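**Student:** Once you've had a glance at the structure underneath, I'll fire off some questions.
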Amino acid sequence: MNKKALATFLAAVSCIAAPVTALAAEGSSTQEISAVLSMEPTYTVTIPATVNMGNDGTSVDVTASEVENLQDSQKISVTIAGTSYYRNQLVLEADKDLVDVNHARTLRYQIINEAGEIIETTGQDTAVGSEVVSFTGNETKQYQIKPVIVDENRDRLVAGVPYTGSITFGITLAEAE
């Protein structure tokens, strides 16, 4: 009788379990979905590849164009990332074959950013990270670049000799002030 009772009990349990599974499949649940899409900012910054200056320096135009999807809290920041001179100093050099030992082989320069602040190096410091211009839309801005002529007589500088160097700019998105 135990085997018969056990078989009956198992059959009854199977019948009870089947409707429970069926009831669970018939239930429903609602999930609300929302999405906030954002587009990454895109832009083009144009900086002249070559700048020539004389004794009084020159103005340099930098242009931001095709600016799209920039958030109100963002700006495009153009900073000094490095220079071709030792320790990223703002210094130009003359070819050593064109300048004798009695004349200056180097010429410091300074950048005056769009806010009118002077960016200059004097030997132990660096201009790396200094902001030159910034943009929040399509526009052209200027900075000034000037030679630092400390010799009032200019007898250490050689007229007509090119003093050359390069500067590398960093262009990033930053928090607008």
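The values are calculated or read from the model by the stated rules, or taken from the named source; none is laboratory data. All figures in this text were calculated on a predicted structure; none of them were measured in a lab. Reconstructed Cβ throughout: ideal geometry from the backbone, glycine too, with neighbour counts over all protein chains shown.
**Student:** Among 82, 137, 116, which is the only one that is loosely packed, with under 14 Cβ neighbours inside 10 Å, among the small types (Gly, Ala, Ser) and under 20 Å from residue 45 (Cα atoms)?
**Tutor:** Answer to the selection: 137.
**Student:** Moving to a separate point now. Could you give every pair whose Cβ atoms fall below 6 Å, whose first residue belongs to the stretch 126-141 and is more than 14 Å from residue 111 (Cα to Cα) and free of Cβ contacts under 8 Å to residues at least 12 places away in the same chain, and whose second residue is surrounded by fewer than 16 Cβ atoms within 10 Å (Cβ to Cβ) and hydrophobic (A, V, I, L, M, F, W, C), counting only separations of at least 6 or pairs across chains?
**Tutor:** Hits for this filter: zero, empty list.
**Student:** For the stretch 27-77, which positions are part of a strand (DSSP E or B), touching a residue at least 40 places away in the same chain (Cβ under 8 Å) and under 14 Å from residue 174 (Cα atoms)?
**Tutor:** The answer is 43, 74, 75, 76, 77.
**Student:** Right, something else. Residues 108, 156, 87: which one is more than 17 Å from the chain's Cα centre (by Cα) and assigned to a helix (DSSP H, G or I)?
**Tutor:** Within the list 108, 156, 87, the selection yields 87.
**Student:** Here is a follow-up. Out of everything in the stretch 93-117 that is among the polar types (S, T, N, Q) and either over 21 Å from residue 52 (Cα atoms) or out of contact with any Ser or Thr (no Cβ under 8 Å at 6 or more places or on another chain) (or both), what residue ends up being modelled with the lowest pLDDT?
**Tutor:** 102
**Student:** Identify, please: which residue in the stretch 69-92 is of a type in the set (D, E, K, R) and modelled with pLDDT under 95 and is, among those, farthest from residue 136 (Cα to Cα)?
**Tutor:** Applying the filter and picking the extreme gives 87.
**Student:** Right, next: From the set of residues in the stretch 57-78 that are closer than 14 Å to residue 113 by Cβ and of a type in the set (Ser, Thr, Tyr), which is nearest to the chain's Cα centre (by Cα)?
**Tutor:** Filtering first and then ranking leaves 77.
**Student:** Please go through (1) within 23 Å of residue 55 (Cα to Cα); (2) surrounded by fewer than 13 Cβ atoms within 10 Å (Cβ to Cβ); (3) at pLDDT below 95 for residue 161 and return the number of the only condition it doesn't satisfy.
**Tutor:** Condition (2) is where residue 161 drops out.
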